[in-house]
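Trainee: Dropping a structure here in structure tokens format, bear with me for questions.
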2 protein chains.
Amino acid sequence: MAVPPNVNPADFEAALSLWRSAVGADWVFTAAEDVALYRDAYSPYWAEPEERLASAAVAPATLEQVQAVVRTANRYRIPLYAISTGRNLAYGGSAPALSGSVVLDLKRMNRVLEVNERNAYALVEPGVSYFDLYDHITKAGLDVWIDAPDPGWGSLIGNALDGGGGWTASPFRDHFGSHCGMEVVLADGEVVRTGMGALPNAKSWQHYKWGHGPWVDGLFRQGNMGIVTKMGFYLMPRPEAYISGTVQVYREEDVVALLDTLNLLENQHVVNGSTALYYGDLENIYGSVRDQATPGTPAWSLVLPIYGPEKVIRAQLEYARDKFARVPGMRFVEGELLRTPLTAEAQKRVHQVNFGIPILAIFSMLGRSPANPAPAGGHIGFSPVIPRTGESVLEYQRYYRENMAAMSAGKETGIVGPVFLTNWERSMVALMMFPIGRDKASNSRMRLAFARWVTKAAEHGWAEYRAPTPFQDLVAQTYSFNNHALLHLCETIKDAVDPNGILSPGRYGVWPKHLRKG
Amino acid sequence: MAVPPNVNPADFEAALSLWRSAVGADWVFTAAEDVALYRDAYSPYWAEPEERLASAAVAPATLEQVQAVVRTANRYRIPLYAISTGRNLAYGGSAPALSGSVVLDLKRMNRVLEVNERNAYALVEPGVSYFDLYDHITKAGLDVWIDAPDPGWGSLIGNALDGGGGWTASPFRDHFGSHCGMEVVLADGEVVRTGMGALPNAKSWQHYKWGHGPWVDGLFRQGNMGIVTKMGFYLMPRPEAYISGTVQVYREEDVVALLDTLNLLENQHVVNGSTALYYGDLENIYGSVRDQATPGTPAWSLVLPIYGPEKVIRAQLEYARDKFARVPGMRFVEGELLRTPLTAEAQKRVHQVNFGIPILAIFSMLGRSPANPAPAGGHIGFSPVIPRTGESVLEYQRYYRENMAAMSAGKETGIVGPVFLTNWERSMVALMMFPIGRDKASNSRMRLAFARWVTKAAEHGWAEYRAPTPFQDLVAQTYSFNNHALLHLCETIKDAVDPNGILSPGRYGVWPKHLRKG
């Protein structure tokens, strides 16, 4: 049996025993085949010594059990790595940041505590997946939509805490930004409720997010200051209809006018859906390529989804078309108007996640592209945030063309990108995906290329907002303004709230004092 | 000359001398008449021993000067109370939470560092007022609106950090929620940039707010963990038009259907302006009263402002009217459509703050009501957040009617309220205003009534989101879930990031260790 680092086997046995008493022997996992289930299937170090592996796992079912598990871990100084459902593939999955940590698996805490239709919010536990919440809402016949990421098998809480986003209307796509109120277990086992939830019998926990005094919720985003056991989320009342338009331009430089117009429309919420900018023609988002040999192929295509009442969205689309008409030579294609709830026939034709329906279809297309029809199986995502302007797109694309070969040993590596994701309001991500599989030599090349991209992009002011676990230190180090002052602040807070450093050590580059380098 | 608590006069002199070297002798204030300018004009303890008074003030002009001032304060353990422009009347103004603190007055740091029209954001220093930013934008001829509170003489940063809101479209009205990136000076004088700003030469500081790893910005909201020296804010591209409708219902209980319909419309952003619920007929927001003697007077009136392109907002208003038509006996009055920029004539007729124009007109009406035509001059605001439902409104109103006399010694006290403010998306505040003047006996009654309301409201689950400085401890104590776990967490963080407890001790109930009671 593996033992966590810096823990003696007798202490670990004592802790396991206490955990078995707390959660039941069936929910403490130490057998190799059980613990192996927590491996990161997309690990860039698969089966290499550096692969991040758990020593054991423990799965509490209630808040009180989480508290008991944490208190024991704190007593014996055993590192815990909390996961909600562990579906965070491409960013570390269910494997810990520090090898030897015990995975605190919260998937059994899967109660939908409340769905309030009139005020359009939900309060859930960490084990509630998008599928769970969707089923709950559907069975109860409530007229609200959820905003799922793609794929939708993960946890609402896990996705929000990892900085994830979805595919319906703004502002719901920003999952952390659309939360309202948390319950958190701290390293000493104490429970904190944030926002209005700190008032006993509060009537407005999910009605006002900021509370009174400092707002601590942000500390738990991509963080390791506590374990979130409940979280409120805003839901969207079902929009009555959906329409979209596609704008295409034929000169590369017209992406400047394209994005300026998009920004104008989105920043005043005339277009409210998850927009997408494609290089070339319309194609699946992970594989658009401009076929420059075919005459009439557009340089850029932009999709503009709009949700709302039918007559409103028709007026919005018309207004958007008028605004884009100022871009010389553009072509505007109006999409079909769909009324909700979708008919069974319509459900088959659409990308359901854009209609609040969680799906797994992404796995059939992920990483696939004309250049790479058979991807290695997994991937890790590199996603620097670049300014939301056409100039940035052109600059990033030029940099990519000029440096890709040298940085990644050529196109044949199967790296996909850059795909310019405009699905976040006010932000743009230049996503690249690095295929990861079971071939060590290939994985090694991908790691090297990935690390180069992180470093080179940072030098250009393009910062990665989210990273696979093994690269979180590297990315955190690029945020180095004033001698890493922000990271030092996080470390100071970490040491204060978790003095024994037991909660998810190393997550997003924040290490407790005894494990800190330098 | 006053000396801060627990500081010996020689140390204070040494600090003053260092501050004079750092910022210039003209910008360190110790004379009684200068320091008196920092008194809170609306203090409920005016001229009583408990009035919170500064010992001195220091006004740096640059980031480096702020750092120097803070380092000196930290060396001599002198409490600083940071203000931006100090206009936070009704919540403490420019007076410190701890008497004897030195006011760190940031009004000289008044540079508009950037206004980006294409991406609709601004980056400003703390001394920049809404008037300053408005002038800057107007002079530069930029086509963006700001969202000002009413009155608009305060600081963007100060208002956002105090939890303030404005009066144009959602989401811009949530001033803290609409910020993107901060620069902060910590208690040791170090500078931190948050979000993407932590990447040197970041290109997306105002393009993506969350950054990588824990998000610390929330700690500086209603907080005392650092001094914010720069902050980014989202702006709204000028909407081409504005329209509003008013819905009136005639039975008290119809407020339930009224708010359910409003929630549906607002939560899908069909209505995007700052809505207002009036009891009775339309009247100024701080003094609506239902005249039950006059036949045909509505029980409730609800104003629905909508911003956007003309044909879109016409469709939105029409849709809203159709939805409200389901409320039996309702009356819908369509307002005038106004195109922007407003004509000079239109500017005179409208409440300009709803059109992105900062004003001071509120001072001519504040606290005035039919019941209290000549208010005492100042007031303090009690603003518990209640659920955004008609049942809550009726419950709060009933509670008010049944208990007001006993809690406040009768209507003749001049207390105004409750006014149900629906201007925040998803939240509702039951605002009451307690008149404050120069009469000690009256102020004493107001303090007693205010404290009773805080306590009694909390018992009912109605929590105050913001409080005048002298009541921040009382309010913070009502957030007592699990033996005040949230406050203890804030104190733990405070002790870690500001171990000498020099930054705004006591602000929003968070005291440093050496000043903590119990």
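The values are calculated or read from the model by the stated rules, or taken from the named source; none is laboratory data. In this text the structure is predicted, and so the values were computed from the model without any measurement. Positions of Cβ are generated from backbone atoms using ideal geometry, with glycine treated the same way; all protein chains shown enter the neighbour counts.
Conditions (1) over 18 Å from the mean Cα position of the chain (by Cα); (2) of a type in the set (Phe, Trp, Tyr); (3) within 28 Å of residue B:263 (Cβ to Cβ); (4) assigned by TED's automatic domain parsing to the domain that holds residue B:89, marked per residue:
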residue: B:405; (1), (2), (3), (4): yes, no, no, no
residue: B:408; (1), (2), (3), (4): yes, no, no, no
residue: B:416; (1), (2), (3), (4): yes, no, yes, no
residue: B:422; (1), (2), (3), (4): no, no, yes, no
residue: B:426; (1), (2), (3), (4): no, no, yes, no
residue: B:430; (1), (2), (3), (4): no, no, yes, no
residue: B:433; (1), (2), (3), (4): no, no, yes, no
residue: B:439; (1), (2), (3), (4): yes, no, no, no
residue: B:443; (1), (2), (3), (4): yes, no, no, no
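Trainee: Checking residue A:164 against (1) over 30 Å from residue B:461 (Cα atoms); (2) touching a strand residue (DSSP E or B) at 6+ places or on another chain (Cβ under 7 Å); (3) within 14 Å of chain B (Cβ to nearest Cβ), only one condition comes out false. Which one?
Mentor: Evaluating residue A:164 over (1) over 30 Å from residue B:461 (Cα atoms); (2) touching a strand residue (DSSP E or B) at 6+ places or on another chain (Cβ under 7 Å); (3) within 14 Å of chain B (Cβ to nearest Cβ) leaves (2) as the failure.
Trainee: Suppose we filter A:134, A:121 for residues that are touching a Phe, Trp or Tyr at 6+ places or on another chain (Cβ under 8 Å) and aromatic (Phe, Trp, Tyr); which single one remains?
Mentor: A:121
Trainee: Which condition breaks for residue B:20 when tested against (1) closer than 21 Å to residue B:186 by Cβ; (2) over 25 Å from the mean Cα position of the chain (by Cα)?
Mentor: (1) is the only condition that residue B:20 fails.
Trainee: Then there's this: Any residue at all in segment B:283-305 that is surrounded by 15 or more Cβ atoms within 10 Å (Cβ to Cβ), among the basic types (Lys, Arg) and modelled with pLDDT of 95 or more?
Mentor: no
Trainee: So, of the residues in segment B:121-179 that are more than 22 Å from residue B:60 (Cβ to Cβ) and among the aliphatic types (A, V, I, L, M), which turns out to be surrounded by the most Cβ atoms within 10 Å (Cβ to Cβ)?
Mentor: Looking at the filtered set, the residue picked out is B:148.
Trainee: Under 22 Å from the mean Cα position of the chain (by Cα) and surrounded by 17 or more Cβ atoms within 10 Å (Cβ to Cβ), is that true of residue A:99?
Mentor: no
Trainee: Continuing with this model, one more query. Do we have any residue at all in segment B:345-360 that's modelled with pLDDT under 90, loosely packed, with under 15 Cβ neighbours inside 10 Å, assigned by TED's automatic domain parsing to the domain that holds residue B:277 and more than 30 Å from residue A:196 (Cα to Cα)?
Mentor: yes
Trainee: Go through A:223, A:273, A:189, A:195 for me and flag whichever is over 29 Å from residue B:392 (Cβ atoms) and touching a strand residue (DSSP E or B) at 6+ places or on another chain (Cβ under 6 Å).
Mentor: Answer to the selection: A:273.
Trainee: Can you tell me which residue within segment A:203-212, out of those that are facing chain B (nearest Cβ under 7 Å) and touching a Lys or Arg at 6+ places or on another chain (Cβ under 8 Å), is nearest to residue B:486 (Cα to Cα)?
Mentor: For segment A:203-212, the residue satisfying everything is A:212.
Trainee: Another question, then. Can residue A:514 be described as away from every other protein chain (no Cβ under 14 Å) and either of a type outside the set (Lys, Arg) or more than 30 Å from residue A:53 (Cβ to Cβ) (or both)?
Mentor: Yes; evaluated as a whole, the condition is true for this residue.
Trainee: Does segment A:103-110 contain at least one residue that is within 14 Å of chain B (Cβ to nearest Cβ) and of a type in the set (A, V, I, L, M, F, W, C)?
Mentor: no
Trainee: Specify the residue that is surrounded by the fewest Cβ atoms within 10 Å (Cβ to Cβ); the eligible residues are those in segment B:53-75 that are among the hydroxyl-bearing types (Ser, Thr, Tyr) and over 13 Å from residue B:189 (Cβ atoms).
Mentor: Looking at residues that are among the hydroxyl-bearing types (Ser, Thr, Tyr) and over 13 Å from residue B:189 (Cβ atoms), I get B:62.
Trainee: Taking segment A:56-70 on its own, how many of its residues are in contact (Cβ under 8 Å) with a residue 24 or more places away in the chain and farther than 22 Å from residue A:222 by Cα?
Mentor: 5
Trainee: Could you check residue B:197 against (1) within 7 Å of another protein chain (Cβ to nearest Cβ); (2) within 20 Å of residue B:162 (Cα to Cα) and say which number it fails?
Mentor: All conditions pass for residue B:197, except number (2).
Trainee: Still on this model: Filter segment A:213-228 for residues that are touching a residue at least 60 places away in the same chain (Cβ under 8 Å) and more than 7 Å from every other protein chain (Cβ to nearest Cβ); which is surrounded by the most Cβ atoms within 10 Å (Cβ to Cβ)?
Mentor: This residue is A:224.
Trainee: Now for a different question. Of all residues in segment A:470-484 being surrounded by fewer than 18 Cβ atoms within 10 Å (Cβ to Cβ) and outside any loop (DSSP other than H, G, I, E, B), which is nearest to the other protein chains (Cβ to nearest Cβ)?
Mentor: Checking each candidate, the answer is A:482.
Trainee: Restricting to segment B:29-49, give me the number of residues that are under 24 Å from the mean Cα position of the chain (by Cα) and surrounded by fewer than 16 Cβ atoms within 10 Å (Cβ to Cβ).
Mentor: Residues that pass the stated criteria total 3.
Trainee: Have a look at A:317, A:366, A:337 and point out the one that is buried (at least 16 other Cβ atoms within 10 Å of the Cβ) and modelled with pLDDT of 90 or more.
Mentor: A:317
Trainee: Follow-up. Do we find that residue B:312 is away from every other protein chain (no Cβ under 12 Å), modelled with pLDDT of 95 or more and in a helix (DSSP H, G or I) in this structure?
Mentor: No: the conditions fail for residue B:312.
Trainee: Could I ask something else about it? Just to be sure, is residue B:250 within 10 Å of chain A (Cβ to nearest Cβ) and under 30 Å from residue B:319 (Cα atoms)?
Mentor: Against the criterion (within 10 Å of chain A (Cβ to nearest Cβ) and under 30 Å from residue B:319 (Cα atoms)), residue B:250 does not qualify.
Trainee: Out of the residues in segment A:129-167 meeting the condition of being more than 16 Å from the chain's Cα centre (by Cα) and among the hydrophobic types (A, V, I, L, M, F, W, C), tell me which one is farthest from residue B:263 (Cα to Cα).
Mentor: Residue satisfying both the conditions and the ranking: A:131.
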